[in-house]
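Heads up: the structure comes next, in structure tokens.
The values are calculated or read from the model by the stated rules, or taken from the named source; none is laboratory data. On a predicted model such as this, the values are computed, not experimentally measured, just so you know. We place every Cβ from the backbone using ideal geometry, glycine too, and count neighbours over all the protein chains shown.
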Amino acid sequence: MFESIKPHIADLRKRLMISSAFLLVAFFACFYVYEPILNWMMIPIEAVLPEGSKMVAIEVQETFFTALKVAFFAAFLVSLPVIFWQMWLFMSPGLYANEKKIILPFVFSATFMFLLGGSFAYYIVVPFGFEFLVTFGSQVVSVMPSIGKYVSFFTKLVFGFGAAFELPVITFFFAIIGVVNDQMMKDFFKYAIVLIFVMSALLTPPDVITQFLMAGPLVFLYGVSIYIAKIFNPAQKQEDDEEDD
């Protein structure tokens with residue numbers, strides 16, 4: 001049994017090494033220019049900070065470790081096409097010849113949807129969320145956010161939204177290999193709603209508006225995913241063709 005999976009393990013190691021190598025090179029490049037990236041990341045919170053407030057580092061090593069986080073965050077975003085490309089190459093041996101040809105649409109779509117989710121978080125969710133957190137109790141205490149904690153929270157939100165927006169792409173892949181169909185996703189819909197709102201509560205600040213700002217698009221994307229499963233599932237396509245005949 002081990003001999004049969006040995007080639008797959010070797011291929012997985014190869015894909016991980018290529019992705020890691022590219023990520024490492026991107027990390028050093030991004031670390032060199034981390035300051036403008038950090039300034040871009042700070043725009044949403046600086047817009048809602050009370051006059052006279054500013055970001056602070058509460059520990060001696062915080063600035064350095066924050067720079068590392070910023071560099072890794074930027075390097076991951078830059079490396080997304082390569083990571084998705086290597087993922088597809090690892091999965092492609094189990095696909096049919098016609099399915100292997102969609103590598104470029106897969107890489108483009110997966111990268112685009114992750115960046116779309118991250119952009120939605122940056123331009124819509126983060127401003128609402130941090131305005132609530134900063135203004136809450138600001139008349140009682142002086143707001144001076146820790147730069148390290150802010151960057152950690154910011155990256156968690158962006159990564160969370162980016163990953164969540166991959167739902168249609170994941171559905172597309174599982175649909176073309178026949179793992180899911182539209183009926184399965186329809187039957188799971190009520191459970192998906194609960195999971196979406198639980199995830200929204202965990203990833204977003206503790207106010208209803210930002211939670212709905214995450215849950216709303218995810219419910220919509222789940223609906224899109226049902227349609228994708230209907231269109232691209234081989235069994236469903238064959239059934240629809242037979243009905244047309």
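General observations
- Condition met for Phe153 (farther than 20 Å from Leu203 by Cβ, of a type in the set (Phe, Trp, Tyr) and part of a helix (DSSP H, G or I)): no
- Verdict on Thr135 being at pLDDT 85 or above and not aromatic (Phe, Trp, Tyr): no
- Put simply, of Gly129, Gly118 the only residue that is surrounded by 20 or more Cβ atoms within 10 Å (Cβ to Cβ), at pLDDT 90 or above and within 26 Å of Leu221 (Cβ to Cβ) is Gly118.
- Scanning region 210-225 for residues that are aliphatic (A, V, I, L, M), at pLDDT 85 or above and either buried (at least 21 other Cβ atoms within 10 Å of the Cβ) or within 30 Å of Phe132 (Cα to Cα) (or both) yields a total of 4.
- Residue within region 169-184 that is in a helix (DSSP H, G or I), over 14 Å from Pro44 (Cα atoms), among the small types (Gly, Ala, Ser) and modelled with pLDDT of 75 or more present: yes
- Among the candidates Met184, Met144, Met214, the residue that is within 26 Å of Phe108 (Cβ to Cβ), touching a residue at least 40 places away in the same chain (Cβ under 8 Å) and not small (Gly, Ala, Ser) is uniquely Met214.
- When residues of region 25-62 are limited to those that are in a helix (DSSP H, G or I) and under 14 Å from Ser152 (Cβ atoms), the one farthest from the chain's Cα centre (by Cα): Glu62
- Checking Pro50, Pro36, Pro81 one by one, the residue that is free of Cβ contacts under 8 Å to residues at least 12 places away in the same chain and not hydroxyl-bearing (Ser, Thr, Tyr) is Pro36 and no other.
- Val179 meets all of the listed conditions (1) closer than 20 Å to Tyr122 by Cβ; (2) surrounded by fewer than 14 Cβ atoms within 10 Å (Cβ to Cβ) but one, namely (1).
- Any hit, region 142-163, residues being at pLDDT below 80 and surrounded by fewer than 17 Cβ atoms within 10 Å (Cβ to Cβ): yes
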